[in-house]
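Here is the structure we will look at.
The values are calculated or read from the model by the stated rules, or taken from the named source; none is laboratory data. Just so we're clear, the structure is a prediction, and the values are computed from it rather than from any experiment. No Cβ is skipped: glycine too gets one built from the backbone with ideal geometry, and neighbour counts run over all protein chains shown. Areas reflect the complete protein model, heavy atoms only, side chains present, ligands, DNA and RNA absent. Shrake-Rupley method; radii C 1.70, N 1.55, O 1.52, S 1.80 Å.
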2 protein chains.
Amino acid sequence: MVYTKTLTVKIIDINADKPIALLHTKTANDLLAFPQNRVGIKWKEKSLHYIVDVTDTMVDENTLGIYKDITGVTKLQTGDKVEVSLLPFPQSVQYIIKKIKNKVLDENEIKEIINDIVDNKLSDIEISAFLAAVTINGINLDETTDICKAMTATGDIIEFNVPQVLDKHSIGGINGRVSMIVTPIITSLGYIMPKTASRSISSAAGTADCMEVLADVSFDVKDIKRMVAEVGGMLAWNGKVDLCPADDKMIKIRHGLGLDPEGLVIASVLSKKKSVSATHLIIDIPVGPTVKVRTKEDGERWANKFLKISKDIGIKTKVVLTNGEVPCGRYFGAALEAKGAFEVLENKYFDNLAEKACEISGCLLELVGRVEQGKGYDLARETIKSGQALTKFKEIIKIQNGHIFSSEEVPIAKFTEEIKAEESGKIVVMDVSCLTKIARTSGAPHDQQAGIILLKEVGEKVKIGESIFTIHSNSQDKLKIAVDQAKATFSETIKIEKIILEEVN
Amino acid sequence: MVYTKTLTVKIIDINADKPIALLHTKTANDLLAFPQNRVGIKWKEKSLHYIVDVTDTMVDENTLGIYKDITGVTKLQTGDKVEVSLLPFPQSVQYIIKKIKNKVLDENEIKEIINDIVDNKLSDIEISAFLAAVTINGINLDETTDICKAMTATGDIIEFNVPQVLDKHSIGGINGRVSMIVTPIITSLGYIMPKTASRSISSAAGTADCMEVLADVSFDVKDIKRMVAEVGGMLAWNGKVDLCPADDKMIKIRHGLGLDPEGLVIASVLSKKKSVSATHLIIDIPVGPTVKVRTKEDGERWANKFLKISKDIGIKTKVVLTNGEVPCGRYFGAALEAKGAFEVLENKYFDNLAEKACEISGCLLELVGRVEQGKGYDLARETIKSGQALTKFKEIIKIQNGHIFSSEEVPIAKFTEEIKAEESGKIVVMDVSCLTKIARTSGAPHDQQAGIILLKEVGEKVKIGESIFTIHSNSQDKLKIAVDQAKATFSETIKIEKIILEEVN
């Protein structure tokens, strides 16, 4: 038997992003509950878990304060009477400590950690300790597979009841919207490709941000199944469907800390692919000095892990290491990158973005057995040339309630300024990371129309005073700050090598 | 130049225990600020740092919500106009990641982490990752010394301008209030002993809780200096003085995770002692199966580290390993443990609590050169026998505005029930950890008068049905639950060995 108090609920309008029970200090003391402890709340035969915070004035001794967004799930309302008691720390905290002690976790221990993350039984502090422990001590292949399976099992699964579901994923850091070109290519050839994508965290735009410029991206499982049934694919934001809630929570904390432990990134990617029932998958690992994977050797290690876990969970996967050193296409920012994908599909030019999209589409077509080895690229390129991929892209935009159907209709920010070469010579570096930062200063991704257009590419010759790129923004303040930043970091962003080092007469 | 918005402050009455800036989602997006990012707030030439949380309704787009307790420091008020801008992650996050990568941190990197913890520039999530990294990768002796010095430097320091300031510390887990006996013994002999102590976290009572039954314990630096000048010592709560704010914040997170990394515990203890200008110090390390240090070998390793760091920071220290296997004295709970300390000083009996207090006082007297090696114990015991220590204890109580001056005046909870032996034999174990849990269920430490009185001790013979201990509580509900718990866990709490295993006739 546990000491229990009856309290009256008061809903508090704050988005705390986790289930917080706000108790009066005296009530908390009486329950022996300190901040960060858990209380159990019994209500209408349901049993809920909350993390304790205390106040002296916000609620009185007989009241339980509950933060708003959580009640969306639990339906608790101001005035409800609930039974509140102190809970012990969940067992999963012991398993986190086990990982801190560098012990291997078994399948059930991993399941319990993942379940407790989903059920909000673990606090951010505990999840952070788990992530640090996984980063330091690592997880072996079995643990990675177990995490992957547990994350898939605790979220929605979208089933299509077809033998082949194709997908791709890039582990990121590069501009250019390969997925917005690959998805129409693949679906135009009759395959199913239910592409879910994220919004930007640290880049100038995510695929979901870019697609949102053209059409809706927030869809639930039912919508996605309907759209795939009608046109074969779609490009949806992965935040509306609840595919891997444990992963989403861990990603938030990982991003804040800049932690990308290999095992977790791999489990994260593959669990989301398993959740959309993918059977054939291309993983794109950009390799370069400013992206997640720095060297070819690291890339190969990542690739082998991806292949092993894919096999364990039943996805036929191929991994490609790609050039992460140069910008992919010439745009940074949501609307601009959407425009770039459109221009490729409209056959206006064939740049390195188009090339990458055809390579990845080609690999998928070879993997699924549509063509023999070495013929995929040509088939993919043909769907662009023939206009077949563009037609499919418009179908996808239409089914996503879209309103923009050509590159020329894509709206771009109204204020603009050009950044000019500070010396003459050949461009040898255009730093993706610096360009991304400038685009973000100009307003991306919140201002969907803000960003950068590159006017030159790596390898091109330029003269002093020639424009290298333009910055776009809807805020004159932000544009000015972005221009200042671009000028201050010019030599780091754009490296120009003199062609003639010295003239001797 | 950084993009800045002018917002109006709205004070929100929640104790968030860290500086949170609550922004409307649109305002956060415009500033490019995600939850867990930092914003800088400029106001009256001050520059403040807050961690971002977002809401759609609690504040509007032009308002900055600030949680209440923080404004106690910053003096911000509802209606103030402030300049808000996104800040990069603090440099110290990079040093935390460096420790995650198992690199040694230098003095400046450690200073920056500790300063940023004090200045609330690091979030709980980041501090948790740091603590996990320190637990897993460890810190070397230099890092430990640097942390110790940085923690002392970022808090108040109490200076007494005398050559000798004596102190003691126990790294805990045991009942019995040794400090309430040692402090009057030492100060009755003319030394200065400014004892600061904590409240209970997981035990039935901390020294501050026990002393609070008799007198006030919340004092600031000025009060402490005055009291020490007048009577030589005091027993104050360490939470009112701001000796090591970085340590206090880390301890909160460590307790939630159950992490006690050696280096940090040592730095924590010694930084607090340096902050009260201690020159001579006894560290008590209880060793036993249910306390922090489990084996003698571990105890010796801890001891050597304590000695090395003490030397580095200029404190003459002796470490004693003590028996952590049996209860210390016969009481659990704030009022009861205060009563026990009183009874020893009143010379009513001489139990293992009295013995430990005299041993530790004796070591201090030898360390400070008052008596030669081996004579300290007798001198300490003599101050009890003569009543000199009791007189000093009453002086200390009086100067702390106390109102209870004898063991008989100590109030005890009104409801009580006896727990009886379930078999006959000899008591071989009385488990401190189980007894603590029962005392807490009965209401300790919130109910200061609740707790346990042991009626028998380890080694004593008992008959079935004889009372072993009594539980005290001011709540009949809590008493009932504690009694049920005591009965359910009896064989774990009290181990009784049969003296005659079998009678053969």
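Quick one: in the stretch A:110-123, of everything that is open to solvent by less than 40 Å² (accessible area, probe 1.4 Å) and within 19 Å of A:Cys244 (Cβ to Cβ), which residue is nearest to the other protein chains (Cβ to nearest Cβ)? First the steps, then the outcome.
Of all residues in the stretch A:110-123, those open to solvent by less than 40 Å² (accessible area, probe 1.4 Å) come to A:110, A:113-114, A:116-118, A:120, A:122-123.
When the remaining residues are screened for being within 19 Å of A:Cys244 (Cβ to Cβ), the result is A:110, A:113-114, A:116-118, A:120, A:122.
Values: A:Ile110: 18, A:Ile113: 14, A:Ile114: 18, A:Asp116: 14, A:Ile117: 14, A:Val118: 18, A:Asn120: 15, A:Leu122: 11 Å.
This residue is A:Leu122.
Conditions tested, residue by residue: (1) among the basic types (Lys, Arg); (2) without any contact (Cβ under 8 Å) to a residue 24 or more places away in the chain; (3) touching a strand residue (DSSP E or B) at 6+ places or on another chain (Cβ under 9 Å); (4) within 14 Å of another protein chain (Cβ to nearest Cβ).
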residue	(1), (2), (3), (4)
A:Leu87	no, no, yes, yes
A:Ile97	no, yes, no, yes
A:Asp146	no, no, no, no
A:Thr152	no, no, no, no
A:Ile157	no, no, no, no
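Exactly one of these conditions fails for A:Lys308: (1) open to solvent by less than 20 Å² (accessible area, probe 1.4 Å); (2) out of contact with any Cys (no Cβ under 6 Å at 6 or more places or on another chain); (3) within 23 Å of A:Ser361 (Cα to Cα). Give me its number.
With respect to (1) open to solvent by less than 20 Å² (accessible area, probe 1.4 Å); (2) out of contact with any Cys (no Cβ under 6 Å at 6 or more places or on another chain); (3) within 23 Å of A:Ser361 (Cα to Cα), A:Lys308 is out only on (1).
Name the residues in the stretch B:481-505 that are within 14 Å of chain A (Cβ to nearest Cβ) and part of a helix (DSSP H, G or I), would you? Walk me through it before giving the result.
Going through the stretch B:481-505, the residues within 14 Å of chain A (Cβ to nearest Cβ) turn out to be B:481-489.
The answer is B:Ile481, B:Ala482, B:Val483, B:Asp484, B:Gln485, B:Ala486, B:Lys487, B:Ala488.
Please identify the pairs in which a residue from the stretch B:257-273 that is at pLDDT below 95 has its Cβ atom under 6 Å from the Cβ atom of a residue that is assigned to a helix (DSSP H, G or I) and open to solvent by 10 Å² or more (accessible area, probe 1.4 Å), counting only partners at least 6 apart or on another chain.
B:Leu259/B:Thr135; B:Pro261/B:Thr135
Residue under question is A:Val293, and the condition is that it be under 30 Å from B:Asp53 (Cα atoms), open to solvent by less than 10 Å² (accessible area, probe 1.4 Å), modelled with pLDDT under 95 and more than 14 Å from chain B (Cβ to nearest Cβ); does it hold?
Working: under 30 Å from B:Asp53 (Cα atoms): no; open to solvent by less than 10 Å² (accessible area, probe 1.4 Å): yes; modelled with pLDDT under 95: yes; more than 14 Å from chain B (Cβ to nearest Cβ): yes.
No; evaluated as a whole, the condition is false for this residue.
Against the conditions (1) touching a His at 6+ places or on another chain (Cβ under 9 Å); (2) under 30 Å from B:Leu264 (Cβ atoms), where does B:Leu336 fall short? Just the number, please.
Single failed check for B:Leu336: (2).
In the stretch B:104-136, what residues are basic (Lys, Arg) and either over 16 Å from B:Met250 (Cβ atoms) or touching a residue at least 60 places away in the same chain (Cβ under 8 Å) (or both)? Can you show your working first?
Filtering the stretch B:104-136 down to residues basic (Lys, Arg) leaves B:111, B:121.
Within the stretch B:104-136, B:Lys121 is the sole residue that qualifies.
To keep it simple, each residue is scored yes or no on (1) in a helix (DSSP H, G or I); (2) touching a helix residue (DSSP H, G or I) at 6+ places or on another chain (Cβ under 8 Å); (3) free of Cβ contacts under 8 Å to residues at least 60 places away in the same chain.
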{"site": "A:Ile11", "(1), (2), (3)": "no, yes, no"}
{"site": "A:Lys42", "(1), (2), (3)": "no, no, yes"}
{"site": "A:Leu48", "(1), (2), (3)": "no, yes, yes"}
{"site": "A:Asn102", "(1), (2), (3)": "no, yes, yes"}
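Given (1) under 25 Å from A:Met227 (Cα atoms); (2) in a helix (DSSP H, G or I); (3) out of contact with any Gly (no Cβ under 8 Å at 6 or more places or on another chain); (4) hydrophobic (A, V, I, L, M, F, W, C), where does A:Ile396 come up short, assuming only one miss?
(3)
Only one of A:Lys385, A:Lys456, A:Lys478 is within 14 Å of another protein chain (Cβ to nearest Cβ) and without any contact (Cβ under 8 Å) to a residue 40 or more places away in the chain; which? Working first, answer last.
On the way: A:Lys385 fails: within 14 Å of another protein chain (Cβ to nearest Cβ); A:Lys456 fails: within 14 Å of another protein chain (Cβ to nearest Cβ).
Answer to the check: A:Lys478.
Which one of these is under 22 Å from the mean Cα position of the chain (by Cα), under 29 Å from A:Leu141 (Cβ atoms) and not hydroxyl-bearing (Ser, Thr, Tyr): A:Val368, A:Val319, A:Val326?
A:Val319
Would you mind finding the one in B:Tyr67, B:Tyr50 that is at pLDDT below 90, surrounded by 17 or more Cβ atoms within 10 Å (Cβ to Cβ) and more than 14 Å from chain A (Cβ to nearest Cβ)? Spell out how you get there, then give the answer.
Numbers: B:Tyr67 fails: more than 14 Å from chain A (Cβ to nearest Cβ).
After applying the criteria, what remains is B:Tyr50.
Here is a check on your reading of the model: is A:Pro445 within 14 Å of chain B (Cβ to nearest Cβ), in contact (Cβ under 8 Å) with a residue 40 or more places away in the chain and of a type outside the set (Phe, Trp, Tyr)? Show your work before the answer.
Details: within 14 Å of chain B (Cβ to nearest Cβ): yes; in contact (Cβ under 8 Å) with a residue 40 or more places away in the chain: yes; of a type outside the set (Phe, Trp, Tyr): yes.
Yes: the conditions hold for A:Pro445.
A quick yes/no check of all residues on (1) part of a helix (DSSP H, G or I); (2) open to solvent by less than 10 Å² (accessible area, probe 1.4 Å); (3) within 14 Å of another protein chain (Cβ to nearest Cβ):
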position	(1), (2), (3)
B:Leu131	yes, yes, yes
B:Ile136	yes, no, yes
B:Gly173	no, no, no
B:Arg177	no, no, no
B:Thr187	yes, yes, no
B:Met193	no, yes, no
B:Ala208	yes, yes, no
B:Lys225	yes, no, no
B:Ala229	yes, no, no
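More than 11 Å from chain B (Cβ to nearest Cβ) and under 30 Å from A:Lys149 (Cβ atoms): which single residue out of A:Leu105, A:Leu7 fits that description? Can you show your working first?
On the way: A:Leu7 fails: under 30 Å from A:Lys149 (Cβ atoms).
None of the other options fit; the residue is A:Leu105.
What single numbered condition from (1) within 25 Å of A:Leu257 (Cα to Cα); (2) assigned to a loop (DSSP other than H, G, I, E, B) fails to hold for A:Gly79?
It fails just one condition, (1).
Among A:Ala303, A:Ala354, which is the only one that is in contact (Cβ under 8 Å) with a residue 24 or more places away in the chain and either at positive phi or buried (at least 16 other Cβ atoms within 10 Å of the Cβ) (or both)?
Numbers: A:Ala303 fails: in contact (Cβ under 8 Å) with a residue 24 or more places away in the chain.
Being in contact (Cβ under 8 Å) with a residue 24 or more places away in the chain and either at positive phi or buried (at least 16 other Cβ atoms within 10 Å of the Cβ) (or both) holds for just one of A:Ala303, A:Ala354, which is A:Ala354.
What residue, of B:Thr55, B:Thr25, is closer than 29 Å to A:Ser200 by Cβ and either away from every other protein chain (no Cβ under 12 Å) or open to solvent by less than 20 Å² (accessible area, probe 1.4 Å) (or both)? So that I can check it myself, show each step before the final result.
On the way: B:Thr25 fails: either away from every other protein chain (no Cβ under 12 Å) or open to solvent by less than 20 Å² (accessible area, probe 1.4 Å) (or both).
Exactly one residue qualifies, and that residue is B:Thr55.
Provide a single number: the residues in the stretch B:399-441 that are assigned to a loop (DSSP other than H, G, I, E, B) and either more than 22 Å from B:Gly465 (Cβ to Cβ) or of a type in the set (A, V, I, L, M, F, W, C) (or both). Show your work before the answer.
Looking only at the stretch B:399-441, we keep the residues that are assigned to a loop (DSSP other than H, G, I, E, B), and these are B:400-406, B:410-414, B:421-424, B:431.
Subsequent filtering for residues that are either more than 22 Å from B:Gly465 (Cβ to Cβ) or of a type in the set (A, V, I, L, M, F, W, C) (or both) retains B:400-406, B:410-414, B:421.
Residues meeting the conditions: 13.
So, in the stretch B:235-267, exactly how many residues are away from chain A (no Cβ under 14 Å), part of a helix (DSSP H, G or I), within 14 Å of the chain's Cα centre (by Cα) and surrounded by fewer than 23 Cβ atoms within 10 Å (Cβ to Cβ)?
Final tally of qualifying residues: 2.
Which ones in the stretch B:53-86 are over 30 Å from A:Asp56 (Cβ atoms) and not acidic (Asp, Glu)?
Residues satisfying the conditions are B:Ser85, B:Leu86.
Yes or no: the stretch A:153-170 includes at least one residue that is open to solvent by 40 Å² or more (accessible area, probe 1.4 Å), farther than 28 Å from A:Trp237 by Cα and not hydroxyl-bearing (Ser, Thr, Tyr).
Checking the stretch A:153-170: not a single residue is open to solvent by 40 Å² or more (accessible area, probe 1.4 Å), farther than 28 Å from A:Trp237 by Cα and not hydroxyl-bearing (Ser, Thr, Tyr).
Counting just the residues of the stretch A:28-40 that are part of a loop (DSSP other than H, G, I, E, B) and within 9 Å of chain B (Cβ to nearest Cβ), which one comes out least open to solvent (accessible area, probe 1.4 Å)?
The first filter runs over the stretch A:28-40 and keeps only residues part of a loop (DSSP other than H, G, I, E, B), leaving A:31-37.
Narrowing further to those that are within 9 Å of chain B (Cβ to nearest Cβ): A:31-32, A:34-37.
Values: A:Leu31: 8, A:Leu32: 30, A:Phe34: 73, A:Pro35: 59, A:Gln36: 56, A:Asn37: 25 Å².
Ranking the qualifying residues of the stretch A:28-40, first place goes to A:Leu31.
Output the number of residues of the stretch B:415-425 satisfying the condition of being modelled with pLDDT of 95 or more and either open to solvent by 10 Å² or more (accessible area, probe 1.4 Å) or basic (Lys, Arg) (or both).
5
Quick one: what pairs do we get from the stretch A:402-425, first residue farther than 18 Å from A:Gln449 by Cβ, second among the acidic types (Asp, Glu), C-beta under 6 Å, 6+ apart or different chains?
A:Ala421/A:Glu466; A:Gly425/A:Glu497
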